[in-house]
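All of the numbers you see were taken from the coordinates with simple rules; none came from a lab. Computed from a predicted structure; not experimentally measured. Note that each Cβ is placed from the backbone with ideal geometry, even for glycine, and that neighbours are counted across all protein chains shown.
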Amino acid sequence: MLLEMKVSGIALDPFTNSPIVILKDLTGEKVLPIWIGFMEASSIAMELEKTPRVRPLTHDLVKNLLDSVKFSVTRIEVTDLRNDTFYAEIHLKRDGEEHIIDSRPSDAIAIALRTGSPIFVNDQVLEKSKKVEIDEDKDKLTELLDKIPAGDFGKYKM
């Protein structure tokens with residue numbers, strides 16, 4: 001089953017200084033942190049903040065390409081978590097025909113934000129993310145993330 005989620009914000013892992021995109025379900029009850037790269041975090045943060053860009057970033061370019069060939073992004077899905085790696089798909093549509101493109105979640109999320117497309121997470125991914133054996137530092141991080149109010153995510157320096 002798919003669960004619709006929204007980007008709650010970008011945070012920095014205080015233990016590794018790695019960026020994390022925080023997804024929350026529409027009720028705010030379920031949270032999925034996904035560790036991502038700095039460039040993707042910057043691209044997501046710029047779109048969340050609606051930061052003007054003089055030239056298109058890579059995700060802006062992808063959106064422009066999709067627009068020019070008349071594809072629409074119907075949704076993105078975070079589909080799996082295997083060996084500490086998240087997997088995603090970008091669902092495209094043109095002339096009633098659907099195309100599914102494999103993607104890293106960070107890229108799919110950056111594109112979804114630019115196209116106003118919904119973000120879905122397979123509920124099995126949420127279950128797997130809870131079962132991943134994590135060390136003591138990540139246990140502390142999970143506890144910390146659970147306690148941060150939604151309004152406190154967002155403006156973090158990359």
Which FRET efficiency value, to the nearest 0.05, do you get for Asp13 and Leu65 by plugging their Cβ-Cβ distance into 1/(1 + (r/R0)^6) with R0 = 25 Å?
0.20
Local net charge near Leu92, Cβ-Cβ under 14 Å (Lys/Arg +1, Asp/Glu -1):
-2
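Contour minus end-to-end for Ser72 and Leu57, with contour as 0.36 nm per residue of separation and end-to-end as the Cα-Cα distance?
Working: separation 15, 0.36 × 15 = 5.40 nm, distance 1.89 nm.
Gain on stretching Ser72 to Leu57: 3.5 nm.
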Whole-Hz Karplus ³J(HN,Hα) for the stretch 80-88, in order, using 6.51 cos²θ - 1.76 cosθ + 1.60 and θ = phi - 60°, x for Gly and Pro?
7, 9, 10, 6, 6, 10, 8, 10, 9
Cut-off under 5 Å, modelled amide H: who pairs with Asp80 long-range
Tyr87
Would you calculate the separation in nanometres between label points at Met1 and Glu29, each defined as 7 Å from the Cα along the Cα-to-beta-carbon direction?
1.0
³J(HN,Hα) across the stretch 46-57 via Karplus (A = 6.51, B = -1.76, C = 1.60, θ = phi - 60°), whole Hz, x for Gly/Pro?
4, 6, 4, 8, 6, 5, x, 10, 5, 10, x, 6
